[in-house]
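Just below is one structure, and these are the notes that go with it.
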Amino acid sequence: MEVCLSGCRWEPKKAMSSQGMKTLEARPPYLGGGVSTVEVIGLNTRELTDIVISWIVLSFCFALTRDLNLTISLMPISMLIVGTAFVIHELAHRWTARRRGLYASYRMWPMGLFLALFLTVVTTALGSKFIFAAPGAVYISYPIIIYSIDREILKKVEFEVAASGPLSNLA
């Protein structure tokens, strides 16, 4: 049994199948269930696609140089660095929010990714390099009407979610 932010409880349901009584693993939407049937390390299909696209675009932005061969050779290093910094940062926000009973999901921002690519390519071509990246964010929502929650608890939970990303970069 799990507890959400408001103290509401849910329990896995039992269902009859051809193999007998089985426990259903479905989770309510506010605990991350009901979004997709395909999950990899807790990410549904859309989140996984969004974070991989963001990861690749940001890695390319950091690896880009005027020399194509150098850019290609820097790409694996860039993927590793961006993977440990960006991906873990965003997932830390998501995991903290979900542990606190909030629904949390990463969504890429296509315009932010385009802007990052455009500025990186243009400034690299001009002889310098400037990266402004706004690849996406973890969006959170509350499973209940927030007016019924003590404001101090709500502020504490939101602070924990906001701080978890930068703290993961320091670890």
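The values are calculated or read from the model by the stated rules, or taken from the named source; none is laboratory data. Since the model is a prediction, treat every value here as computed from it, not as a measurement. Note that each Cβ is placed from the backbone with ideal geometry, even for glycine, and that neighbours are counted across all protein chains shown. Ligands, DNA and RNA are excluded from the accessible area calculation, which covers all protein heavy atoms including side chains. Shrake-Rupley method; radii C 1.70, N 1.55, O 1.52, S 1.80 Å.
Write down the accessible area per residue of the range 71-171 in Å², having rolled a 1.4 Å probe over the full set of protein chains.
58 Å²
Find which of 170, 56, 127 sits farthest along the positive direction of the dipole of the range 47-171, computed with +1 on the beta-carbon of Lys and Arg, -1 on that of Asp and Glu, about the Cα centre.
170
Which far-off residues, 5 or more places away or on another chain, put their amide H under 5 Å from the one on residue 136, with H placed in the peptide plane?
Amide H to amide H, under 5 Å and 5 or more residues apart or across chains, residue 136 pairs with 109.
Please work out the Cα center distance from the range 156-171 to the range 91-137, rounded to the nearest Å.
Answer, in whole Å: 17.
Report the extension gain between residue 123 and residue 66 in nm, rounded to one decimal, defined as 0.36 nm multiplied by the number of residues separating them, less their alpha carbon distance.
The span from residue 123 to residue 66 would gain 19.5 nm if fully extended.
Counting only protein heavy atoms and a 1.4 Å probe, tell me what percentage of the range 90-142's accessible area is made up of carbon and sulfur.
74 percent
How much length, in nm to one decimal, is gained on full extension between residue 75 and residue 152, taken as 0.36 nm per residue of separation minus their Cα-Cα distance?
So the chain would gain 23.2 nm between residue 75 and residue 152.
About the Cα centre, and with charges only on the beta carbon of Lys, Arg (+1) and Asp, Glu (-1), how big is the dipole of the range 52-137? Nearest 20 debye, please.
380 debye
State log₁₀ I(q)/I(0) for the range 39-171 at q = 0.09, 0.15, 0.17 Å⁻¹ as given by the Debye formula over alpha-carbon point scatterers of equal weight, solvent excluded.
Debye curve over Cα of the range 39-171, log10 I(q)/I(0) at q = 0.09, 0.15, 0.17 Å⁻¹: -0.33, -0.77, -0.92.
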